[in-house]
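A quick write-up on the structure given underneath.
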Ligand SMILES: Cc1cc2nc3c(=O)[nH]c(=O)nc-3n(C[C@H](O)[C@H](O)[C@H](O)COP(=O)(O)OP(=O)(O)OC[C@H]3O[C@@H](n4cnc5c(N)ncnc54)[C@H](O)[C@@H]3O)c2cc1C
């Protein structure tokens, strides 16, 4: 009987994973002596910790070829720059990469700094210095993904080739485990070198990068007889201009000045739903105990993740960007505002588990809160961030409450230790959330009670809520034509990634950037 192309097997959590044992197990399952098996390759590895039993699911390819050219085809020497990419986040970087695979030259401009000087600005932030509006956790080389948890999973499989992005990252220094892990992640200690390696390969091919280059204007042209204007370049904050045939706008969800600029140019924007809330932090051993039961401290098991979701009053309340063994970080982009987010190192070895815990906000909620106009959602975010900043007392200190105090509607007077380096101010976080006049705190409270039934012990005085998590996604979409992927109002302008409303995370942003590149390639001779 012919052997199957793939085989899925369950492994006990402490079963050996050396080559000989894997071949023996696969051989036994197929009724073939290990020595008669063709080459096998582990393709996927996931952990299943349901019902108090921990096991691994392994997916093998049978008859796998040894020689895998990761991330092929590779970028090649490019021609003169025809495309300007604004933003060196995953969307912009992978757009440049996909263009370079086709020999199409581009210029990437980013308002932030390269990873090394950017790291110094993050350190200052942790020490309570004011945020640099061009260099922070959201802005700079590699975009918002560089100093993150680097989770690479996505549900957006239809939007592009997930495997392709993973292979490119692995080829540029991400841990090999991302090729097989069902929930791959890279970590903030490895991500910067991956991002630099990608840039350096593109530079060797002739792609140009400019950092410290904030775009403050779009150059447009209306040619005789044309129905609409065309984007022909960008103006930078230092007054210089860069000209090109196409402009990819991949500026992420925090570049509010770009939305203002587009609105002034008459480029259509649409309000979209987003989410607001807090970061919740537990001791990681507690989450391990809830998820793994008696095996919680077994050394082969990774810091346990979780995912929670509930609907309250027709609004989703959900965990977001959960970081096992991670740190809460100050992720604001504007002085006088406070935003928190989460990151982790590749080993996920911190004592804490944090996650966004957010409530869906619809455009109608934004109006109800008194914020009008297309940019009302951004004004609302900014208001909340400024209230959080005041409540924390400045210097990036964040307002926080024990979860038990929060559900009992009282302020906290003490707080447990936390991963958040700039420091916490014990208060009633609900006061910050309620300042918008929307029932965010109430919905969180009700969902927390449900979450505690799903994960017994989740609602504990050892856990804290830290405010505010306000940048889960952009409150604005930049519409684009479904066929040409251009703005319907400005020919040659390609909105891309999370800031344009077409991605929600590193993977989907990268895939969206590649999709834009493939579209541009149909218009540009290499
Ligand atoms: C702390 C943190 C942790 C995160 N963790 C994860 C995670 O684990 N997994 C995950 O999938 N996602 C995570 N995210 C979200 C993820 O980083 C984003 O979804 C993703 O980076 C979006 O990619 P993008 O290319 O669309 O935009 P961005 O990554 O936001 O990049 C936009 C780029 O545009 C530049 N820019 C903005 N305005 C201008 C301008 N006017 N001129 C020039 N350049 C400009 C910025 O400097 C920035 O580099 C995290 C985000 C943060 C902040």
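General remarks:
- Among the conditions (1) surrounded by 24 or more Cβ atoms within 10 Å (Cβ to Cβ); (2) more than 7 Å from the ligand (Cβ to nearest atom); (3) under 22 Å from residue 176 (Cα atoms), the only one that residue 153 does not satisfy is (1).
- The condition (being under 30 Å from residue 135 (Cβ atoms) and not assigned by TED's automatic domain parsing to the domain that holds residue 264) is satisfied by just one residue among 326, 370, 360: 326.
- Pair list, Cβ under 8 Å, 6 or more apart: segment 108-123 residue assigned by TED's automatic domain parsing to the domain that holds residue 243 and modelled with pLDDT of 95 or more, other residue more than 13 Å from the ligand (Cβ to nearest atom) and in a loop (DSSP other than H, G, I, E, B): 108/207
- For segment 182-213, the tally of residues that are more than 16 Å from the chain's Cα centre (by Cα) and modelled with pLDDT of 95 or more stands at 19.
- Subset of segment 460-488 (residues that are buried (at least 20 other Cβ atoms within 10 Å of the Cβ), in contact (Cβ under 8 Å) with a residue 60 or more places away in the chain, away from the ligand (no atom under 14 Å from the Cβ) and assigned to a loop (DSSP other than H, G, I, E, B)): 463, 475, 487
- Criterion violated by residue 382 - all others in (1) in contact with a strand residue (DSSP E or B) (Cβ under 7 Å, 6 or more places away or on another chain); (2) assigned to a helix (DSSP H, G or I); (3) touching a residue at least 60 places away in the same chain (Cβ under 8 Å) satisfied: (1)
- Selection count where residues are outside any loop (DSSP other than H, G, I, E, B) and free of Cβ contacts under 8 Å to residues at least 60 places away in the same chain, scope segment 129-144: 2
- Entry remark, segment 309-322: residues being away from the ligand (no atom under 14 Å from the Cβ) and either buried (at least 20 other Cβ atoms within 10 Å of the Cβ) or part of a strand (DSSP E or B) (or both) number 8 in total.
- Residues in segment 323-360 that are over 19 Å from the mean Cα position of the chain (by Cα) and away from the ligand (no atom under 15 Å from the Cβ): 335, 336, 349, 351.
- Of all residues in segment 101-127, exactly one satisfies the criterion of being out of contact with any helix residue (DSSP H, G or I) (no Cβ under 8 Å at 6 or more places or on another chain), assigned to a loop (DSSP other than H, G, I, E, B) and within 13 Å of the ligand (Cβ to nearest atom), namely 111.
- Members of segment 264-285 that are in a helix (DSSP H, G or I) and away from the ligand (no atom under 14 Å from the Cβ): 284, 285
The values are calculated or read from the model by the stated rules, or taken from the named source; none is laboratory data. Note that the coordinates shown come from a computational prediction; the quantities given were computed from them, not determined experimentally. Glycine gets a Cβ as well: all are built from the backbone with ideal geometry, and neighbour counts include every protein chain shown.
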